[in-house]
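Student: Handing you this structure, nothing more for now.
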Amino acid sequence: MYHLRRITIVLVFLGIVIFLATALPRILNPVPPSKEKQDADKQWINTSPYWLDRQACRWLSLCGLLHVRSDPPAKRKNGDGGHRHDLRHLLNEGQIAASGRGSGNSKGELRSIPEYVLNYAPLVHLYSQEFFWPSDIADHVKHMLPEVDDDDTPVNETESLTLANLNELSSKIGFEHIKSKDDVESRPGWLFSKENTPKVPKDQADEDDGHLDENPGEPAWLGEDTTWYDVDREHPLHRISDPRKLPAGITQHRPLARRSRNSPLRREQHRIIPPSEQNKPDDSGYSRAPATLVLVDKGSGIVDAFWFFFYAYNLGQTVLGTRYGNHVGDWEHTMIRFEAGVPRAVFFSEHEGGQAYAWQAVEKRGNATQIQRPVIYSAVGSHAMYATPGVHPYVLPFKMLKDVTDRGPLWDPSKNFRGYWYDYTVPGDAEGLEPVKENPEEPTSWFHYKGTWGDKLYGLNDVRQWRLFGQYHYVTGPQGPKFKNLGREKVCQTWRCRIIHSIAEGKKGSWHS
């Protein structure tokens, strides 16, 4: 009787642990699974070749237990040079990739980048011990193959993937995913992009804090006198009041600060650096991997400047020594909303959501004689973006799952980027995007590609995959910038949006709270 009681207690305890570990992520998930996702999950479980594994997955949420193993960021190279996929023969790998030029708008003159967009461009602190650095999307697609059915794809009609043909080729062949030519578990060199690492500026080590919470040199910001936080073409700006009005009714315009023409960050240096001139990053924060700038005019003087950052690999975080959330291809972004050229708020993307801060609240870099630019912190592995350095728990309780940021190498994306204007109101699946006047030959096809930028969710018949308590070792790669709700009315990516007005307030919650 004594032993039976002990066994009962152990079983009840295990049942409670399994229930909490399985239910909590679903309860805390701000995006509950749809009926389609539930059906897809059932099909995914059936990919396991083992009956016992399928039952453990269905009833105990323990999937692929035999596959669980250590997954360090860097791994020893094996002799086979990586996993060879069945579709390797479909693409002529010796074919010279298309230049991707000449895809711009031919209907009229291209628009330039407003000066204020570059003046207030963000600065990104990458993690000091990061393994997977910024990547160039043009280089990324060279290492990828379309995920298609061999039997249905004519070999002679395939061609190498480039930024200039990605969307057209996807429509032609009919693929919705691209996958790595190499086994990413072997950690091929292109995943790390070490040559794109920005160096730490020489003066950064001498700075005590490197930021200003209150910025005496900032221009006088507009008060909460307009509905800048909730506007698009169909919902124009509404004026609440205007404290700048003088007694005579004349508006008092206050000029924005300007960068000195002698500044090392002057406008001329924002032009795209041609590939032949790209080299290892210097102390100014330049990286060989260009960021992507997408400008969206919402009307009423509101312009959203989306800065997108791409990484070839997302290394998930560990819980109790087991890693979850890896995926090939990683798009992160920050958005700065401007009203009449004045920055009002900054959005930080974090996993499936993000946080929005009022402009006055975010950390900035620069002294009283310079324009002060917002500072962003990129988490190690996941590259999620935060307003502060430190530990950032999310989804699971007790800080079991967390991101970590610090004041690592400072990346200045305004020194190397591809720039575009996007009109989200233009009908058509491949319309609305045009390169900026500063880089008129940049390709646009890649932007309209509807598929994912990395491998599709691995099945349980793949030794690289497992899922414990609802968390996958590998998940599907993300879609591109076009599918980040660029036409949003609110600052946040989702409909639920709260503008945070202080760093202390932001530390109290996370993107899902």
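Student: Where only protein heavy atoms count, and the probe is 1.4 Å, what is the accessible area per residue for the stretch 449-503 in Å²?
Tutor: Value returned for the stretch 449-503: 40 Å² of accessible area per residue.
Student: Sticking with this one: By per-residue mean of other Cβ atoms within 10 Å, what is the highest-first order of 324-335, 420-431, 379-390, 292-303?
Tutor: Going by the mean number of other Cβ atoms within 10 Å, highest first, we get 324-335, 379-390, 292-303, 420-431.
Student: Using per-residue counts of other Cβ atoms within 10 Å, averaged over each peptide, order 38-49, 3-14 from highest down.
Tutor: 38-49, 3-14
Student: Can you pull the three principal axis extents for the Cα set of the stretch 434-497, in Å, largest first?
Tutor: Principal axes ranked by extent give 48, 33, 16 Å for the Cα atoms.
Student: Local charge sum around THR292 (other residues, Cβ-Cβ under 12 Å, Lys/Arg +1, Asp/Glu -1)?
Tutor: Result for the local shell: 0.
Student: Please give, to one decimal in nm, the separation of the simple spin-label points placed at SER128 and TRP51, each 7 Å out from Cα toward the Cβ.
Tutor: So the label points at SER128 and TRP51 sit 5.6 nm apart.
Student: Listed here are the pairs LYS450/LYS490; LYS456/LYS490; LYS75/LYS415; which of them are more than 27 Å apart at the Cα?
Tutor: Cα-Cα > 27 Å for LYS456/LYS490; LYS75/LYS415; rest within.
Student: Take the Cα coordinates of the stretch 323-478, assign each an equal point scatterer, and use the Debye formula without solvent to give log10 I(q)/I(0) at q = 0.12, 0.14, 0.17 Å⁻¹.
Tutor: Rounded to two decimals, the profile gives -0.73, -0.96, -1.26.
Student: What number comes out for accessible area per residue over the stretch 327-410 if the probe is 1.4 Å? Units Å², please.
Tutor: Result: 25 Å² of accessible area for each residue.
Student: Related question: Pop the C-beta distance of THR425 and LYS37 into the FRET formula with R0 = 25 Å and round what comes out to the nearest 0.05.
Tutor: Efficiency, from the Cβ-Cβ distance: 0.25.
The values are calculated or read from the model by the stated rules, or taken from the named source; none is laboratory data. No experiment lies behind these values; they were computed from the predicted model shown. Note: ideal-geometry Cβ built from the backbone for every residue, glycine included; neighbour counts use all protein chains shown. Calculation scope for accessible area: heavy atoms of the full protein, side chains included, ligands and nucleic acids excluded. Shrake-Rupley method; radii C 1.70, N 1.55, O 1.52, S 1.80 Å.
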